[in-house]
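The values are calculated or read from the model by the stated rules, or taken from the named source; none is laboratory data. What you see is a predicted model; the values in this text were computed from it and never measured. Don't worry about glycine lacking a Cβ; one is built from the backbone with ideal geometry, like all the others, and counts go over all protein chains shown.
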Protein chains: 2
Amino acid sequence: MKLLITGFSGFVSQHFLNFLEENAEDAEVCGIDINKPTFDYGNYKNIQVKFYTVNLLEPDTLNIILDIFRPEFILHLASFSSVAYSWKHPIECFNNNTNIFLNIVDTVHKLKLNCRILSVGSSEEYGNVTEQDIPLFEENKVLPCSPYAVARVSQEMLSNLYVNSYGLDIVMTRSFNHIGPLQDTRFVIPSFITRILKIKQEGKQEGTIETGDLSIIRDFVDVRDVVKAYYNLLVYGKIGELYNICSGKGIALRDIVNMISNITGIRVNTVINSEYIRVNDNHIIIGSYEKIEKDIGWRPIIPIEKTLRDMVGYYEKINDNGCYKKFDN
Amino acid sequence: MKLLITGFSGFVSQHFLNFLEENAEDAEVCGIDINKPTFDYGNYKNIQVKFYTVNLLEPDTLNIILDIFRPEFILHLASFSSVAYSWKHPIECFNNNTNIFLNIVDTVHKLKLNCRILSVGSSEEYGNVTEQDIPLFEENKVLPCSPYAVARVSQEMLSNLYVNSYGLDIVMTRSFNHIGPLQDTRFVIPSFITRILKIKQEGKQEGTIETGDLSIIRDFVDVRDVVKAYYNLLVYGKIGELYNICSGKGIALRDIVNMISNITGIRVNTVINSEYIRVNDNHIIIGSYEKIEKDIGWRPIIPIEKTLRDMVGYYEKINDNGCYKKFDN
C-alpha cells in the first residue's frame, strides 16, 4: 500500500508506523510535517519510509508530492489539536485545521487521484452535551464550543461536500481523547504523570500537583487501539461515513490521578489552579463505538489500567534523561 | 452612529449608504474594501464617509483602523458571494468568507470594542432542502452543498462561539437572493436583463439568450428592503440571534425572464447552456420572515415587479454608456 501521512512527526503517526511495521506487508510511506520528526524513521524493517518538511498552508509542495507519489491512502493527522491553544490562537487554529484540510482535498480532487483520505475529527465537535445525550452517537447534533471544535466541524462539512459533489473517497472520524506513550507532555494525562513522577524522582512519597477541574469526565482510548481503527477505516471503512473512535467508557480526571497514584506509589494531593480551567469546557464526553464495530468490527481492547501503566513506564524512562517538555497550557 | 462597513465597494454597501443618507442622523462611516469603490463616496450631505483599502486576510491594518475609529457598529458585507465562483476556487472562497470574518471578530474581541457586528450569511446554508422543508425557518437543519455555503455555516458557528464564550455582540442573518439596481451583471438577474436589453439595443423585437436551469425557484428580495433590515438589525436586533431576510415568496427563473420580457417589450427565447448548470444546485429556496418581523417589525415591502422595472431602468441607462461588465459565470 502507498500511504501519505500528514502530521508525520506526531505521536499518533509513530504508533501508526509501529502498527504498519508489525502488520502490513509492502507498505510504502511518505510522511510530511511542518516539523522534522524527533524519532528515527529510517529504522523500520518491513516498511519503506520517506519524510519531507511541508507547510500545508502553502499547497505547492503538497501538489508536487501528491502528483509524483500518487498515494492510495492519505492519513491526515496534521492538526493543531489542543483546545486550550485554540482559545489563545483561534485564527492559527482555524488555518491549521480547516484550511490545511481543504488544501489537501482540493489538491486530491484537482489531481484526480484515486485515493482514500481519512479525515480525523474530534469528540469536541459534539460540544455542549448534557447527561441525557450520553453516550454520543454520530447522528447527534453538534454544538461546537471552542475554536478547535468549530474548525473540526467545518472540516467535516468540507468532507461531506467533496464526497457528495465530487465523489472523493473520504472516511471521517470523531476521535475521542487518545492517550499513550510518546504523547506530548502538554496534554493532560502525560502532564499528570510527569509531574507525579517528578515527586517520586525527588525521593518523596507524597506531593501536590496543580490541576484544572478534576470532576470532568472523558472517554480515553489507547492510541494503539486508535491507530488500528485508522488502518482498518482506511482499508475497510465506508466512503462518506463518519465513525466515533472511543472506549465507550467515561472516567473522571480525579480517578485518573488516583490510578496514577496507585501505579507510582506516590500519594498525590491536588489543588485547583484557575489558569487550568478552560473557558466553556464540556463536563462529560462519552462516545458509543457501536457504528464502527458494526461496519468494520473494530472495538477498543486495551484497558485504561494498561495504558496508564505503559505511560508511566515510558515517562519514567525519559524522565531519567530529563527530556520533559514544558507544561504550558 | 459610528459605523464600519466591510465590502464597502459593493452594491449592497451603496444601497446602505443611500439608506443612511436619507434616514440616519449623524452617521459617521468608515468603509473598507480590497477594491477601491467606483462610486463617488464624497458626495453625501448628511453622512460623513471615509474609505481605506484593506485586505482583511492581513489583519494588521484592520487592527489599526478598529483601534482608532472604534466603531459602535460593524456591517460585515465583504465576501466572495458567488456560489459558481466557490466551486472553481473553494480555497479562495473559504479564506475570503470564513477566515476574514474570524479575523474581524477576533480583532474586536482582543481590542475589547463595545461594538455590534452584523454577520451576513446566506440562504445557501440551508442546502439540500426538499419541498416539505419550505418555507425555511432559522431553526431548520443546515445541509450546505457548495463551498460557499460551507464557508457561511462556518462563519455562523464562529459567531455563536464568540457570542457564547466572550459575549461579543453579534447578530446574524441568512440573507436570501437580493437583487436591485447597481448589482454586478455576473449575477443571474442582471445578466438576464442586460442580455435582453442588448437585443433591444440592436433594434430587434425578439431574441435568444442562453441560460441554466430555469425551473429553479428562488426567494428574491429587493436590496433596498435588505439594507433597511440590516440597519434595523444593527440597532434593534437581539444579540446572538439569527434572522432570515427574505421575501417569503418563491419565483421560478423562467417567470423572471417572462417579467423582464414584458417590461422591455422583447420576446425572449431561451436555450439551455450546460455550462450554466451548477453542480449540486438546490431546486427550491423560499424563506420565512416570521422571526425578524416578530422581533424588529421588518417585512419586505417592495414587490418584485417594481424591483425588476427599476433594474431594467438602471441597466438601460448604463447600457447606453456601454458600461457592462463581462458575464463570465
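Side notes on the structure shown:
- Answer residue from segment B:170-190, given it is in a loop (DSSP other than H, G, I, E, B) and in contact with a strand residue (DSSP E or B) (Cβ under 8 Å, 6 or more places away or on another chain) and is surrounded by the fewest Cβ atoms within 10 Å (Cβ to Cβ) among those: B:Phe187
- When segment B:247-287 is filtered for residues that are within 14 Å of another protein chain (Cβ to nearest Cβ) and within 19 Å of the chain's Cα centre (by Cα), the ones remaining, listed by number, are B:Asp281, B:Asn282.
- For segment A:62-111, filtering for residues that are outside any helix (DSSP H, G or I), free of Cβ contacts under 8 Å to residues at least 60 places away in the same chain and either within 14 Å of another protein chain (Cβ to nearest Cβ) or basic (Lys, Arg) (or both) leaves 1.
- If you go through segment B:141-169 and keep only what is closer than 21 Å to A:Asn282 by Cβ and either in a strand (DSSP E or B) or among the polar types (S, T, N, Q) (or both), you end up with B:Ser154, B:Ser159, B:Asn160, B:Asn164, B:Ser165.
- Pick from segment A:121-137, criterion touching a helix residue (DSSP H, G or I) at 6+ places or on another chain (Cβ under 8 Å) and either assigned to a loop (DSSP other than H, G, I, E, B) or more than 10 Å from chain B (Cβ to nearest Cβ) (or both), ranking: farthest from A:Leu75 (Cα to Cα): A:Asp133
- As a summary of the residue check, A:Arg174 satisfies the conditions (1) more than 14 Å from chain B (Cβ to nearest Cβ); (2) at pLDDT below 95 except for the one numbered (2).
- The set of residues from segment A:239-254 being under 15 Å from A:Ile189 (Cβ atoms) and in contact with a Leu (Cβ under 9 Å, 6 or more places away or on another chain) comprises A:Ala252, A:Leu253, A:Arg254.
- Residues considered: B:Asn244, B:Asn140, B:Asn232. Of these, the only one that is under 21 Å from B:Asn18 (Cα atoms), of a type in the set (S, T, N, Q) and either in contact (Cβ under 8 Å) with a residue 12 or more places away in the chain or within 14 Å of chain A (Cβ to nearest Cβ) (or both) is B:Asn232.
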